[in-house]
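Novice: Input: one structure, supplied below.
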Amino acid sequence: MSLRLSRLLAPLAVAVAGLLLCAGSALADDLRDIRERGVLRHLGVPYANFVTGSGDGLDVEIVQLFARHLGVRYEFVPSTWDDAIGDLTGKEIRFKPSVQEIGRRPVRGDLIANGMTILPPRQKLVDFSDPTFPSAVWLLARPDSAATPIRPSGDKEADIRSTKANMKLGTTFVMDNSCLDPTLYDLEGKGLKLKRFTGSTNINDIVPAMLKRESDMTLLDVPDVLLALELWPGKIKVIGPISDEQRMGAAFRKDSPELREAFNRFLAGIKKDGTYMKLVKKYFPVAPRYLPEFFRDIPGARSSR
């Protein structure tokens, strides 16, 4: 090879090596690599009692126990709802009008756990663990709203239709790219007064904004509803369901199957030995009463009713 050709190819070789290094770093965080590194990085967003923002929460304690189970150090990595999946996958994602990758970004964590609902758009990007908690989306309103709580019929589809009919009586907060996205529940183009919540990217801020009369009603997932009923007794009313029962889970990169399987085995173990229900009673004590199907066969659930 001539000296001139060598000089021409040298920059290309450096660029290729850099690409390989980046690709390797994106792929190098499955179970064996995490054990060698000695730390499990937990991506989380303060939300309900899953990640409280004060160093604890249901998902925080579960992942802390998982790190101890793996024999590695636990590290919490704060993120946001908009950034969490990108921080996990190393991909810049655009969700509308369809899910697509538009760029690259640094990988900052090994799993996301903060009460993330398992939704089809997210499943295109990440693999979820076995369910960690139940959920559903309900419609809430202020007591002075014209909307009235439905009378449960025993037919979930009929109850959802009745709840949606109440949405015609005022404005309703929704949030794109979240479990409160109206496209998930066939709410767009129905003549409803949907109002995108843009005050922040934190679902926790929606009820306070509704109470300030920025909207008449809001969609909200059940874990947040349970906390809202405790925080603002008498100031909100539950109108009815917008969705069927949903599931939450921890999210993993699609190239981390061993880590995901290890988490699933660990989760099954803490459900069986009673540890899981002790944490549920600590952070969501009334959840088994409102969503009994999920907890029915988990040891320790019956005594929390």
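The values are calculated or read from the model by the stated rules, or taken from the named source; none is laboratory data. Here the structure is a predicted model, which means the values were calculated and not measured. Don't worry about glycine lacking a Cβ; one is built from the backbone with ideal geometry, like all the others, and counts go over all protein chains shown. Side chains included, ligands, DNA and RNA excluded: accessible areas come from the protein's heavy atoms. Shrake-Rupley method; radii C 1.70, N 1.55, O 1.52, S 1.80 Å.
Novice: Magnitude of the Cβ-charge dipole of the range 238-298, K/R +1 and D/E -1, about the Cα centre, nearest 20 debye? List each step's numbers first, then the result.
Specialist: Details: 12 positive and 8 negative charges, 54 e Å.
Here the size comes out at about 260 debye.
Novice: Check which residues have an amide H placed less than 5 Å from Gly44's amide H, if you skip close sequence neighbours.
Specialist: Under 5 Å from the amide H of Gly44 lie the amide H atoms of Val77, Ser79, each far enough along the sequence or on another chain.
Novice: Now for a separate question. For the range 36-46, take each phi angle, set θ = phi - 60°, evaluate the Karplus expression 6.51 cos²θ - 1.76 cosθ + 1.60, and give the result in whole Hz per residue in order, putting x for glycine and proline.
Specialist: The phi angles translate into 5, 5, x, 8, 10, 9, 9, 7, x, 10, x Hz.
Novice: Output the 0 to 90 degree angle, nearest 10, between the alpha-carbon long axis of helix 257-272 and the longest principal axis computed from the alpha carbons of the chain.
Specialist: Between helix and principal axis, roughly 40 degrees.
Novice: Along the Cα-to-C-beta direction of Asp56, a point sits 7 Å from the Cα; which residues of the range 252-286 have their amide N less than 13 Å from that point?
Specialist: The answer is 279-284, whose backbone nitrogens lie closer than 13 Å to the label point.
Novice: Of all accessible surface on the range 149-249 at a 1.4 Å probe, what whole percent is carbon and sulfur? Before the final figure, lay out each step's value.
Specialist: Working: 2270 of 4690 Å².
C and S fraction of accessible area: 48 percent.
Novice: Work out how much length Asn204 to Ala146 would gain on full extension: take 0.36 nm times their residue separation and subtract the Cα-Cα distance, in nm to one decimal. Kindly include the intermediate steps, with their values, before the conclusion.
Specialist: Working: separation 58, 0.36 × 58 = 20.88 nm, distance 2.39 nm.
Stretched out fully, the Asn204 to Ala146 stretch lengthens by 18.5 nm.
Novice: Mind jotting down the distance between the C-alpha centroids of the range 165-214 and the range 88-135, whole Å?
Specialist: Computed from Cα coordinates, the inter-centre distance equals 22 Å.
Novice: Another question about this same structure. Would you mind checking the tilt of helix 222-231 against the longest principal axis of the Cα atoms of the chain, expressed as 0 to 90 degrees and rounded to 10?
Specialist: Orientation of helix 222-231: about 60 degrees from the principal axis.
Novice: Using only DSSP helix segments of four residues or longer, with each worth -39500 (n - 2.57), what per-residue ellipticity at 222 nm results for the chain after dividing by its residue count and rounding to 500?
Specialist: Numbers: 12 runs with 115 residues, N = 305.
Using -39500 (n - 2.57) per qualifying helix, the result is -11000 deg cm²/dmol.
Novice: Something else: What does the accessible area per residue of the chain come to in Å², with a 1.4 Å probe and no ligands, DNA or RNA counted? Walk me through the numbers before you get to the answer.
Specialist: Numbers: 14800 Å² over 305 residues.
About 49 Å² of surface per residue is accessible.
Novice: Could you tally the net charge around Leu70, taking each other residue with its Cβ under 14 Å from the Cβ of Leu70, Lys/Arg +1 and Asp/Glu -1? Walk me through the numbers on the way to the answer.
Specialist: On the way: positive: Arg32, Arg35, Arg37, Arg41, Arg68, Arg73, Arg260, Arg265; negative: Asp29, Asp30, Asp33, Glu36, Glu75, Asp110, Glu258, Glu261.
Here the charged neighbours net out to 0.
Novice: In addition: Could you tell me what percent of the accessible area of the range 85-147 is made up of carbon and sulfur, with a 1.4 Å probe and every protein chain present?
Specialist: Numbers: 1200 of 2360 Å².
In the range 85-147, the share of accessible area belonging to carbon and sulfur is 51 percent.
Novice: Cross-link partners among aspartates and glutamates for Lys212, C-alpha distance below 16 Å, same-chain residues fewer than 8 apart left out?
Specialist: Qualifying aspartates and glutamates at Cα under 16 Å: Asp144.
Novice: May I pose another question? Quick check on my link table: of Lys190/Lys237; Lys168/Lys282; Lys124/Lys195, which ones sit more than 31 Å apart, alpha carbon to alpha carbon? Please list the in-between numbers first.
Specialist: On the way: Lys190/Lys237 23 Å; Lys168/Lys282 38 Å; Lys124/Lys195 27 Å.
Result: Lys168/Lys282 exceed 31 Å.
Novice: Then there's this: 5 Å is the cut-off here: which amide hydrogens, built 1.01 Å from N in the peptide plane, fall below it relative to Phe133, excluding neighbours closer than 5 in sequence?
Specialist: Correct list: Met248.
Novice: Rounded to the nearest 20 Debye, what is the dipole magnitude of the chain about its Cα centre when Lys and Arg each give +1 and Asp and Glu each give -1 at the C-beta? Let's see the in-between values first.
Specialist: Values: 44 positive and 38 negative charges, 34 e Å.
It works out to roughly 160 debye.
Novice: Rank by packing, highest mean first: peptides 235-244, 105-114, with packing defined as the count of other Cβ atoms within 10 Å averaged across residues.
Specialist: Working: 235-244: 19.2, 105-114: 21.4.
Ranking the peptides 235-244, 105-114 by packing returns 105-114, 235-244.
Novice: Taking Cα atoms, how many degrees apart are the long axis of helix 156-166 and the longest axis of the chain, rounded to 10 and kept between 0 and 90?
Specialist: 80 degrees
Novice: Follow-up question, since we're still on this one. Would you check the accessible area of Arg35, probe 1.4 Å, heavy atoms only, in square angstrom rounded to 10?
Specialist: For Arg35, solvent-accessible area is about 120 Å².
Novice: Might you work out the accessible area of Arg289 for me, using a 1.4 Å probe with all protein chains in place, and round it to the nearest 10 Å²?
Specialist: My reading of the accessible area for Arg289 is about 140 Å².
Novice: Pull up all non-local amide H partners of Thr171: gap of 5 or more, or a different chain, and H-to-H distance under 5 Å with H placed in the peptide plane.
Specialist: Asp216, Met217
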